[in-house]
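Working notes, beginning with the structure itself.
The values are calculated or read from the model by the stated rules, or taken from the named source; none is laboratory data. Keep in mind the model is a prediction, meaning the values are calculated, not measured. Counting neighbours? That spans all protein chains shown, and the Cβs are built from the backbone with ideal geometry, glycine included.
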Amino acid sequence: MDDAYLDAVLSVVERVPSGRATTYGLIAEYLRDHSDPALGVRDRGGPRQVGTVLARAGGDVPWWRVVNATGSPPARHRVRALDALRAEGCPLTADGARVRLRDAVWLPD
DNA sequence: ACATTGACTAATT
DNA sequence: TAATTAGCCAATG
């Protein structure tokens, strides 16, 4: 996994607006569609790899706005993520346990 | 090289 | 709805 891919992932996460969220799969899909070897932006796999990047280098980006396909934040940071999301007004389910992707999902441009 | 792991997903029950 | 299962694919040891 080279720096170009790592930067590509982080730059997408940085673009997620406050109060909205996106998923690992959507980011992977976006990178797959927009991979351009000529620009050094290469496709480096699927959703799990996106997760790997955030686990490794997600410290300085709004990682709590990235959730899995069912709207649940990563189990390890579940509380912190939900608190942050609630604080910025992201639509959540009634039990406050997951993001209402139906309303909150943000798609990279 | 090989086996295990994981901030995942889609289908099944 | 929620829990389980099988598939996934690069990273890691």
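Output the residue which, of all residues in the stretch A:9-39 that are surrounded by 13 or more Cβ atoms within 10 Å (Cβ to Cβ) and farther than 21 Å from A:Leu101 by Cβ, is modelled with the highest pLDDT.
My answer is A:Leu10.
Pairs please, first residue from the stretch A:54-68 and at pLDDT 95 or above and more than 7 Å from DNA strand B (Cβ to nearest atom), second anywhere and assigned to a strand (DSSP E or B) and not small (Gly, Ala, Ser), Cβ atoms under 7 Å, 6+ apart in sequence or on different chains.
Qualifying pairs under 7 Å: A:Arg65/A:Thr22; A:Val67/A:Thr23; A:Val67/A:Val99.
Among the residues of the stretch A:27-43, are any within 13 Å of DNA strand C (Cβ to nearest atom), within 16 Å of the chain's Cα centre (by Cα) and more than 24 Å from A:Tyr5 (Cα to Cα)?
So far as the stretch A:27-43 goes, no, none of its residues is within 13 Å of DNA strand C (Cβ to nearest atom), within 16 Å of the chain's Cα centre (by Cα) and more than 24 Å from A:Tyr5 (Cα to Cα).
How many residues are touching a Lys or Arg at 6+ places or on another chain (Cβ under 9 Å), assigned to a helix (DSSP H, G or I) and more than 9 Å from DNA strand B (Cβ to nearest atom) if we restrict to the stretch A:6-35?
Selection size over the stretch A:6-35: 4.
Looking at A:Arg86, is it touching a Gly at 6+ places or on another chain (Cβ under 8 Å) and either near DNA strand C (Cβ under 10 Å from one of its atoms) or without any contact (Cβ under 8 Å) to a residue 12 or more places away in the chain (or both)?
yes
Return the total of residues in the stretch A:63-103 being over 29 Å from A:Asp7 (Cβ atoms) and of a type in the set (S, T, N, Q).
1
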